[in-house]
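Presented below is the structure to which this report refers.
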Amino acid sequence: MDPSEGGSAGGSTGPPDRQTLRLLERQVASDPLVAATEFEPDPYEPRSLRAELDRERYPDPVTAARVDVRWFTTGDFSVHYVEDRGDDRWECRWDRHPNAHDSRLHFHEPPTGDEISALDPPSLHPLEVYSTVFEAIERRVESLW
């Protein structure tokens, strides 16, 4: 597949899209749910973005929550939401990547992320994906109370 068509030869997701990661960091950092953001491994050549969510927005037993974002020059991405609950985790993930086990665009269902369903977002633009994910997280936080 031609990388310009949203994929790449050999089923690879391609290199990190640093421009998109920086765009998402600016948006995520302004979200009221977010306490802090960090690029991995560093801000100069980021491969992923981590957003630590404000613990005060969550009731017990949630001890921490975060969103990990990877975005690639091919248009593929992974947005992973994780709640830590002591020895337990509640998680889900929005993905677009080449694979043999399900559709390229899919959602790993909570609470474990093991079950997978098709994903049909309104747009694959990074800010639309951000909006879809953070609206789902807001609904999740509201349901915990």
Task: The listed residue being among the β-branched types (Val, Ile, Thr) and in a strand (DSSP E or B), out of Thr20, Thr37 - done: Thr37
Task: Residues satisfying the stated conditions in the range 53-88, i.e. under 19 Å from Ser131 (Cβ atoms), touching a residue at least 60 places away in the same chain (Cβ under 8 Å) and surrounded by fewer than 19 Cβ atoms within 10 Å (Cβ to Cβ) - done: Arg57
Open item on the list: Looking only at the range 112-145, count every residue that is assigned to a helix (DSSP H, G or I), of a type in the set (S, T, N, Q) and touching a residue at least 12 places away in the same chain (Cβ under 8 Å) and tell me the total.
Closed with: 1
Open item on the list: Just to verify a result, which residue in the range 89-104, among those that are in contact with a strand residue (DSSP E or B) (Cβ under 7 Å, 6 or more places away or on another chain) and surrounded by fewer than 17 Cβ atoms within 10 Å (Cβ to Cβ), is nearest to Asp54 (Cα to Cα)?
Closed with: Arg89
Open item on the list: Could you check the range 16-34 and list, in sequence order, the residues that are among the aliphatic types (A, V, I, L, M) and exposed (fewer than 15 other Cβ atoms within 10 Å of the Cβ)?
Closed with: Ala29
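Only the coordinates and a few stated rules stand behind these numbers; no lab work does. These numbers come from a predicted model, not from an experiment. In this analysis, Cβ positions are derived from the backbone assuming ideal geometry, glycine residues included, and neighbour counts consider all displayed protein chains.
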